[in-house]
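Note sheet for the following structure.
The values are calculated or read from the model by the stated rules, or taken from the named source; none is laboratory data. What you see is a predicted model; the values in this text were computed from it and never measured. No Cβ is skipped: glycine too gets one built from the backbone with ideal geometry, and neighbour counts run over all protein chains shown.
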There are 2 protein chains.
Amino acid sequence: MTMAEDQARFLRCVGEPTRLEIVRLLAKGERCVGELTSVLNKEQSLISHHLKALKECNIVKERQEAQKVYYKLTNAGLARLIVDCEALMKELSLCKCQEVNYERKANQKSGKR
Amino acid sequence: MTMAEDQARFLRCVGEPTRLEIVRLLAKGERCVGELTSVLNKEQSLISHHLKALKECNIVKERQEAQKVYYKLTNAGLARLIVDCEALMKELSLCKCQEVNYERKANQKSGKR
DNA sequence: CGTTTATATGAATCATAATTCATATATATT
DNA sequence: AATATATATGAATTATGATTCATATAAACG
């Protein structure tokens, strides 16, 4: 397991829309599974699976209280990383990837390179 | 396309071991496809495919010189992000995810929860 | 021009990951 | 104990992505 592989595993884990939304929610504070499920409007089992994946990458940890299980980020640095990443994307116009790509394809068809 | 989806797409793109290694190499400076191919010891077409994926996320850009095509990062902030991420992973012992997971599985089998 | 060198592309295959569904577990409540 | 509530799990299915292979393109060079 190289550093690049470890790091890639981590990035892939966060790089899933639902998991990223979970992380962004948890960045604001602890949430139980039910809250996450209803806020994200996804199947409960799906949220559970994603939480498991996040836990296996040490991104979140749990705390049980009665029947409920509360999750939170293992470290505030994670939230900061997401924010930094977001800022970078804005700087680079990395959002709206789609439109950019469509332009590219159009150029290629009309003869560049 | 929500912000989370855009950001996830970006993270997923970098979250592939070979692509991450490409990014780490390009963080040190421009490289042509041939160099990347031989340094990473992968098929040329594979490197091309990965470069295309990185380009589609605006992570790299190209410059042609004679037959060769040189790639570099679109922005130095990308390199910084990778470094920050690496630092965070070390802080959290997120490297060696695997061993941690094996322990967990062992615990689970022997009856926890 | 024909050949070599460098890179890109598309289709096919293979691997991995996401999602759903049914069900299990665990706590609380009556 | 029986039931309700909250979460987790595993197997099955489906979708997505990585890799390979064959081939195309494009520049340089004889």
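Checked against the criterion of being surrounded by 16 or more Cβ atoms within 10 Å (Cβ to Cβ) and farther than 30 Å from residue B:75 by Cβ, the candidates A:31, A:9, A:19 yield just one match: A:31. Is it the case that residue B:48 is near DNA strand C (Cβ under 8 Å from one of its atoms) and modelled with pLDDT of 95 or more? Yes, satisfied. Per the listing A:14, A:60, the residue uniquely surrounded by 15 or more Cβ atoms within 10 Å (Cβ to Cβ), more than 11 Å from DNA strand C (Cβ to nearest atom) and at negative phi is A:60.
A count restricted to the range A:15-40 and to residues that are within 14 Å of DNA strand D (Cβ to nearest atom) and either closer than 16 Å to residue B:7 by Cβ or not in a helix (DSSP H, G or I) (or both) stands at 13. Here residue A:22 meets the list (1) away from DNA strand C (no atom under 16 Å from the Cβ); (2) among the hydrophobic types (A, V, I, L, M, F, W, C); (3) under 11 Å from the mean Cα position of the chain (by Cα); (4) more than 8 Å from chain B (Cβ to nearest Cβ) almost entirely, failing just condition (1). Taken as a whole, the condition of being assigned to a helix (DSSP H, G or I), touching a strand residue (DSSP E or B) at 6+ places or on another chain (Cβ under 6 Å), within 20 Å of residue A:11 (Cβ to Cβ) and within 11 Å of DNA strand D (Cβ to nearest atom) applies to residue B:54. Entry remark, the range B:63-77: residues being within 10 Å of DNA strand C (Cβ to nearest atom), surrounded by 13 or more Cβ atoms within 10 Å (Cβ to Cβ) and of a type in the set (A, V, I, L, M, F, W, C) number 1 in total. Does residue A:82 qualify as being part of a helix (DSSP H, G or I), under 13 Å from the mean Cα position of the chain (by Cα), of a type outside the set (S, T, N, Q) and within 10 Å of chain B (Cβ to nearest Cβ)? Yes.
Screening residue A:6 against (1) within 19 Å of residue B:11 (Cα to Cα); (2) away from DNA strand C (no atom under 11 Å from the Cβ); (3) modelled with pLDDT of 95 or more leaves a single unmet condition, (3).
Yes or no: the range B:30-44 includes at least one residue that is at the interface with chain A (Cβ under 7 Å from one of its Cβ atoms), β-branched (Val, Ile, Thr) and within 17 Å of the chain's Cα centre (by Cα). Scanning the range B:30-44, I find no residue that is at the interface with chain A (Cβ under 7 Å from one of its Cβ atoms), β-branched (Val, Ile, Thr) and within 17 Å of the chain's Cα centre (by Cα), so the answer is no. Scanning the range A:57-76 for residues that are over 20 Å from residue A:6 (Cβ atoms) and in a strand (DSSP E or B) yields a count of 9.
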